[in-house]
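Nothing in this text is a laboratory measurement; each read-out follows from the coordinates by a stated rule. Just so we're clear, the structure is a prediction, and the values are computed from it rather than from any experiment. Using ideal geometry, Cβ is built from the backbone for each residue, glycine included, and neighbour counts are taken over all protein chains shown.
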Amino acid sequence: MFSIVSDYKEAFKYKYVIGSFVSSNLKVRYRRSVLGYVWTVLVPIFQYGVIAIVLSQLARSAAENYFGNFFSGAILFGFFSAAVSKSTLVFLSNEHYLKKVAIPKLVYILSDVFYELANFLISFVTIVLVGTAFGIFKVSLPVLFVPVGLILFVVFILGIIKLLAVAGVFFRDLKYIVPVLMQATFFMSPIAYTIEQMPKKFQIIIALNPIYYFLEIIRRPIVHGKMPEVELIMICLIISISSFLIGRVFLKKFENKVIFKL
Amino acid sequence: MHQVKVENVRLEYLKFTDQIYTFKEYVTKLFSWKTRKNMSKVSSFYALDGISFTLNDGDKLGVIGLNGAGKSTLLKVVCGILQPTEGVVEVQGNMQPLIEVGAGFNPEFTGRENIYLNGYMLGFNKIQIQEKEKEVIEFAGIDDFIDTPIKYYSSGMVARLAFAIATSIEPEILVFDEMISAGDISFIEKAKKRIGELLEKAKIMIIVSHDLTLIEDIVDRVIVLKNGSVVYDGETTGGIQYYKREVAKVEG
């Protein structure tokens with residue numbers, strides 16, 4: 001337990017490295033584009049908007065507040081997918097640093113996570129505000145719970161990334177497998193549909209998908225204007241911590257071997 | 001007090017083969033116990049095998065040996081880039097590795113961004129880097145290009161910037177691998193002078209070099225490495241002679 005704290009203490013000694021990675025990468029991303037950061041918001045709106053308009057016309061998907069459900073799910077999943085798809089390459093793409101500078105491997109992982117988190121937050125906050133103006137989201141008191149939900153989500157993602165970052169070095173095929181799995185996960189998560197619309201046996205499969213719970217914990221406040229139930233919070237907490245611990249065990253066990261396999 | 005303590009350090013170097021099995025081969029091999037055992041085995045050797053030394057204030061150590069003897073690996077272990085498989089490395093004092101110039105450069109970032117990124121990686125804060133920033137840019141002579149991404153730099157400019165960053169910090173413990181010579185003649189002169197200054201100021205120094213005259217000039221203790229083990233540890237002239245006679249087998 002204490003060693004987890006000291007791991008993070010050690011990594012946060014390099015907080016400026018993380019900050020500099022994140023800010024420089026954000027600058028590089030939109031360098032010389034006319035609209036710049038606006039694209040962070042426009043791209044998901046157009047991308048998800050088209051899908052949502054088409055799907056909402058299907059009779060079966062005509063659920064209540066389809067757009068609110070779809071946008072909140074799609075944007076959260078987009079964050080998960082972007083962070084996890086890149087994770088197999090964290091060490092491979094930082095090879096030149098790893099072989100020459102002695103900083104904890106966690107720093108590279110955190111840099112990637114925070115970079116994706118920054119991108120996500122820009123689009124998430126804007127879309128929630130715009131969505132509220134159009135009446136598909138609700139900004140009321142329970143919204144204060146959203147940061148807690150997001151922290152749980154990030155901790156969950158962090159565990160997966162640690163695992164995949166190490167695994168990606170040893171099994172290079174993962175770099176192709178993970179994006180394919182992401183697409184499957186998208187359709188296995190209640191984003192384009194709600195869990196109630198599915199037949200009973202599919203509901204069980206969805207219930208086994210951890211992402212479902214994180215989508216719900218954040219949808220409760222912003223889509224339904226309610227606080228999440230205590231059971232839901234507990235489930236998310238357990239999933240987050242388990243994922244985090246598994247990721248940590250893997251990273252600790254293999255981080256010193258990574259450098260030989262790059 | 002500054003100290004570098006290396007105790008019984010062994011480093012197992014894992015050698016991974018890049019042999020890739022086709023799926024058919026992989027499956028057939030899975031069913032044969034013998035090849036299955038071979039498949040998962042990663043060959044390894046000890047790049048460093050039981051190395052110990054202690055350096056205190058004022059000590060200047062030179063490490064010599066043939067190519068592949070483990071010199072650079074030893075420096076990487078001392079700096080913490082590689083973790084020893086067995087043994088302990090303890091360092092007291094701020095350490096600056098000059099192992100490879102341009103260590104932490106990202107070609108997409110501007111010169112200035114790279115200065116900061118590098119400085120942060122070496123454990124400096126924003127104010128400390130701001131103090132050095134101007135001097136680094138001046139020394140590298142890339143004033144006009146400092147806010148341009150490094151990928152547009154000429155190779156000489158990159159090398160000069162890298163050198164300027166790496167040597168802008170005056171560490172208490174200097175770990176120094178042979179530096180590449182970069183830039184035109186006037187820059188090489190400047191660079192040599194600067195290294196001289198760094199060497200003078202460092203409290204403890206570890207140098208790896210094939211340049212035996214340089215070693216003889218600077219250090220007062222020599223370690224000769226052969227296949228990852230120390231075969232000589234002692235006074236400089238004796239070490240160099242031993243190296244020439246016993247390891248490199250050259251006359252004179």
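Points to keep in mind about this one:
- Two tests apply to each whole DSSP H helix in chain A, Cα reach of 24 Å or more along its axis and mean Kyte-Doolittle hydropathy of at least 0.0, and the ones passing both are A:38-56, A:66-87, A:105-133, A:146-170, A:230-261.
- Footprinting exposure proxy ranking of A:Ser140, A:Ser56, fewest other C-beta atoms within 10 angstrom first, gives A:Ser140, A:Ser56.
- Under 15 Å of direct C-alpha separation, and excluding same-chain neighbours fewer than eight residues apart, B:Lys244 reaches these aspartates and glutamates: B:Asp211, B:Glu216, B:Asp233, B:Glu235.
- Of all DSSP beta bridges in the protein assembly as shown, antiparallel share, percent nearest 5: 60
- Value at 222 nm in deg cm²/dmol, rounded to 500, when DSSP H runs of n ≥ 4 in chain A each add -39,500 (n - 2.57): -25500 deg cm²/dmol
- Here's the list of lysines a cross-link from A:Lys138 could span, going by alpha-carbon distance under 23 Å and ignoring same-chain residues fewer than 8 apart: A:Lys226.
- Subset of A:Lys257/B:Lys201; A:Lys162/B:Lys132; A:Lys99/B:Lys5 violating a 30 Å alpha-carbon distance limit: A:Lys257/B:Lys201; A:Lys162/B:Lys132
- Other residues within the sphere of radius under 15 Å centred on the Cβ of B:Lys151, judged by their own Cβ, net out at +1 (K and R +1, D and E -1).
- Partners for A:Lys261 among aspartates and glutamates (Cα-Cα distance below 18 Å; same-chain residues under 8 apart left out): A:Glu95, A:Asp173, B:Glu12, B:Asp18
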